[in-house]
Amino acid sequence: MTHDSRLPPRDRFEGYYAEPRAPWDIGRPQQPFIEAGEAIGGRVIDVGCGTGDLALWLAERGRAVTGVDFLGTPLEAARRKASDRGLPVNFLQMDAHAIGEIPERFDAATDCGLFHVFDDAGRAAYVAALTRLLEPGTRLFLLCFADAEPGEHGPRRVSERELREAFAANWEIEKIEPARFEVVPGIPGAEFGPGGARAWFAVIRRT
Ligand SMILES: C[S@@+](CC[C@H](N)C(=O)[O-])C[C@H]1O[C@@H](n2cnc3c(N)ncnc32)[C@H](O)[C@@H]1O
């Protein structure tokens, strides 16, 4: 299966998950989420959860977690890991643009590598869905590729300005800091600098 960026997103992600390892599937949460730790509390939704490592890490620390992804393949892996570890994570197969319809309330949301997947229209619709889902005061913790990362391979690069513009209405940006997005080493076409691709880690509060 090719990872041609012109493929529809579902086909592209199916292609990645058909490989032995998807480049982002490092087997543990990305470091900025580990460092945010305690701040990601209560009932948490992880949007674009993939094979569930962040959701499971949070569940191991007592959070009530819902993981959402639009593909069945990574969710099967996520459910298997949850069952092996005896963790009660609620994994939902759903498009991120539909999360505004989820009736549950959440205290925090995480997005590790989903925001940077969308084109402009998809991004605006995603932020609208987050806005509908999350009540004022709820924080979103988001890690995306940054425009400081050279090249065009991999996901879309995001500037700080784009992040601020996407969340200009109904949200307050509490923090945007440079970070790294680690990848599985040695995957052809997914090579980035030592420590991972340059990224932004943002904490954004629904107002
Ligand atoms: C870069 S991966 C990151 C996965 C996971 N968060 C991690 O860090 O390992 C992006 C994930 O978002 C999912 N995804 C992409 N577009 C989506 C959409 N429109 N709705 C829900 N999930 C989506 C993909 O299937 C994939 O699992």
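The values are calculated or read from the model by the stated rules, or taken from the named source; none is laboratory data. Quantities reported herein were computed from a predicted structural model and do not represent experimental measurements. Cβ sites come from the backbone with ideal geometry, for glycine too, and all protein chains shown count toward neighbours.
How many of the residues in the range 40-56 are assigned to a helix (DSSP H, G or I) and out of contact with any Lys or Arg (no Cβ under 7 Å at 6 or more places or on another chain)?
Keep residues of the range 40-56 that are assigned to a helix (DSSP H, G or I), which gives 53-56.
After this cut, where a residue has to be out of contact with any Lys or Arg (no Cβ under 7 Å at 6 or more places or on another chain) as well, the list is 54-55.
Matching residues across the range 40-56 total 2.
Please work out if Pro9 is within 22 Å of Gly189 (Cβ to Cβ), more than 11 Å from the ligand (Cβ to nearest atom) and surrounded by fewer than 19 Cβ atoms within 10 Å (Cβ to Cβ).
no
Would you confirm, using the coordinates I've provided, whether Arg80 is more than 27 Å from Asp11 (Cα to Cα) and basic (Lys, Arg)?
Values: more than 27 Å from Asp11 (Cα to Cα): no; basic (Lys, Arg): yes.
So Arg80 does not fit the description; no.
Can you confirm whether the range 61-69 contains a residue that is touching a helix residue (DSSP H, G or I) at 6+ places or on another chain (Cβ under 7 Å) and in contact (Cβ under 8 Å) with a residue 60 or more places away in the chain?
no
Counting only residues that are loosely packed, with under 14 Cβ neighbours inside 10 Å and at pLDDT 95 or above, how many does the range 151-177 have?
Number of matching residues: 9.
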